[in-house]
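Read through the structure below, which is laid out as structure tokens, and then see the notes.
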Amino acid sequence: MGYVIDIEKENKEIARRYKDLLKDSYQHLSEEDKKLIRSAFDVAVEAHSEQRRKTGEPYIYHPIAVAKIVAYEIGLGAVSIAAALLHDVVEDTDYTIEDMERIFGEKIAKIVNGLTKISRLKKDQIASIQAENFRKMLLTLNDDVRVILIKIADRLHNMQTMDAMPPHKQVKIASETLYIYAPLAHRLGLFNIKTELEDLGLKYTENEVYKDIEKKIIDNKDNQLDYIDNFSSKISDALEKQGFSFSIKGRTKSIFSIRKKMRSQGVRYEEVYDKFAIRIIYDSDEENEKFDAWKIYSIVTDNYRPNPSRLRDWISQPKTTGYEALHITVMGPEGRWVEVQIRSKRMHEIAEKGYAAHFKYKQGNVNESGLESWLNKLKDTLETTNHNAVDFVEDFKLNLYAKEIFIFTPKGDIKSLPKGASALDFAFSIHTDIGLKCRGVKVNGKLTPLDRVLNSGDQVEVITSANQKPSERWLTFVVTARARAKIRQALKEEERKVAAYGKEILKRKLRHLKIEPTDKNLAKMVSFFKLNTTFDLFYRIGVGTIDNTQIRNFVNQQTSAFAKLFRRTKSEGIKTVKKEEVTTNYDSLLFGNDNEKLEYTLAKCCNPITGDKVFAFLTINEGIKVHKNNCPNAISMQSNYAYRIMKANWVDSTKQAFNVTISITGEDGAGMLGNITRVISQNNNININNLNIAGDGSLFEGKFTVTVPNRSKLKKVIGQLQGIKGVKRVKRII
């Protein structure tokens, strides 16, 4: 059943949500603040009175929710709360920016105007969506820095309420959120918001993965709570003896973070070892909190063995976001690594609220001036000549996007390119024709070569000429796929024209010599000139590297019998086949490093047969084609399309076997090695070629190289090994 409209109930709900907004504000609100917020609320309610969200609910629910995020989760004050309530008024109703300035003053009008500009800057996008949105964010810095924070809150609530949207819009908005808004939230120290944006982004871009991880987290919740209690009991006793006032909480790693680790490490959910962290939050005055943090660190490491390479000290040197804490990873019960985060209450509040809390502690909780003064430094980045605005963009992108650079056009638009891109790559990123006709470039006003490697913030002007043609040399310094593909395409087109011209010349010359240019005769010429294809033959004749004298030499060097055969027309000729050793038992092809069976067809250009030395080529439309290693097209394919080449081997399917290495880790104990070898050798009749085991008394790690007949047998063995008591992980590594 859909949403049922009940005006009386809705009005009560609007009033309740408004009271929650005031009650849950992080900053202290004076009577004057409340009066400003009330005025903004009244205007927003009246302006949106006829509007509803896609769910059917009153539209005013959205501005109130955004204002609540701004007030509580980001921790801003009255001006920002009022602007958040009004953020869609000018965009969606008859109110104007002039009305905002008349009613609420210049400051709030400026913020609302900045938010409106972001909403309207959607059309006429030349740059990529991502680059364009970063450009929008930079533009808003010239209005008011709080625009960005309110926009993040707006995006968070939209992500929280996106179920009613069509799937294609969900994916688009979620992708943009992961690319732009989550890094923005991270950069501004809004850890909780960043985490929620990432999880919601994953929910709509990889829904099945999201649900699978979410279910596993829920299924393991009771076990996790028991483990945290077990781990914390020792620490709690020791901290109480030292007189600390503290709390210990478990924090599950976000679904997005778990997914990221599964991808980067190539592991399953069960193999991600640090799926949760434990936080110790302690009371301390500012004078002693650093000393107390290291004292707690000492207590933790007295009880659990630390991993020295995993110590993160953000107390001595806080992050640029203001984040302070000690992070250590220790070996907990059951041989599991556990991350422990040590924070004072002040540090914890800054970690949760970002800069709003940072400046509350530095300057008191009066207003947003402290936050604004810091964020205004970002605006200076745009206005000083010594720094470029795009470096600031790269900071926002953080490690995820460090390999990308942003380049300015002469008009100030932004284009994104991979790090290491040349000026010619930039020309192709604007338009193919501009790239192909590129004669020169100016970088930051100076004429430079086309192979100049660009840096973030460079301003590039492309100079074109109608007579310019692409050169083979261009392929040696362009790095973008688009530029390489377009240059190759243009060179091929030019070659095709030359080859077509050469073909006509050759036909005329052969007929003059009383020889018909049949496929067979042309193939003889290709072989004589040691070329790969007839195209190569035509091209060389077209450019003049094979001239009349060489063609006559070819004819003259043939024997009279061969010459007679050469002149025979419309004949199949004498078919000669070089005999090759064929092992008749070879009846199956295996592909890739994992020796997989895949569907394929045999290439007609070289007609491979069982037992030939072959390789596989992944075509665009026809799947896998198998070619002989000495196929006339082999060199061309392997040099130009190396990424589409796959190993292929003929095998006797009745005797097929593979050597694989399995890694096994678990708790060391009496009989463990015997149990493992029994499963492999006795139960499955598999040879163990090599084994190597190391342990530290409680844990062991072993590597076993075995010979298995096929993947299904290997899968069965791995399943049985995982069932041995004390075995924690079994994984094929080679």
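Computed from the coordinates by the stated procedures, all read-outs in this text should not be read as laboratory data. For clarity, every value in this text was computed on a predicted model and none was experimentally measured. Cβ placement follows ideal geometry from the backbone for every residue including glycine, while neighbour counts extend to all protein chains displayed.
Okay, here's what the table says:
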item: Which of W314, W337, W474 has the fewest Cβ neighbours within 10 Å, and the rest in rising order; result: W337, W314, W474
item: Gyration tensor (alpha-carbon) shape descriptor, region 407-499, a/c threshold 1.5; result: prolate
item: Quotient of Cα Rg and 2.2 N^0.38 Å for region 167-296, N being how many residues it contains; result: 1.30
item: Likely footprinting exposure, L115, L721, L475, fewest C-beta neighbours within 10 Å first; result: L475, L721, L115
item: Peptides 411-419, 659-667, 506-514 ordered by average Cβ neighbours within 10 Å, highest first; result: 659-667, 411-419, 506-514
item: Efficiency of FRET between T96 and E287 - r from beta-carbon atoms, R0 45 angstrom, step 0.05; result: 0.30
item: Footprinting exposure proxy for L450, L22 (fewest neighbouring C-beta atoms within 10 Å first); result: L22, L450
item: Potential extension, N649-T464 segment - 0.36 nm per residue separation minus Cα distance; result: 61.6 nm
item: Model label zone, I103; criterion: amide N under 12 Å from point 7 Å along Cα-to-beta-carbon; scope region 30-63; result: 37-49
item: Separation of the D302 and N621 label points, Cα + 7 Å toward Cβ, nm; result: 7.5 nm
item: Length released on extending from A485 to D42, taking residue separation times 0.36 nm less the Cα-Cα span; result: 153.7 nm
item: Distance between modelled label sites at K716 and D24, nm, 7 Å Cα→Cβ extension; result: 5.7 nm
item: Gain on full stretching of the segment that runs from K604 to N633 - 0.36 nm per residue minus C-alpha separation; result: 9.3 nm
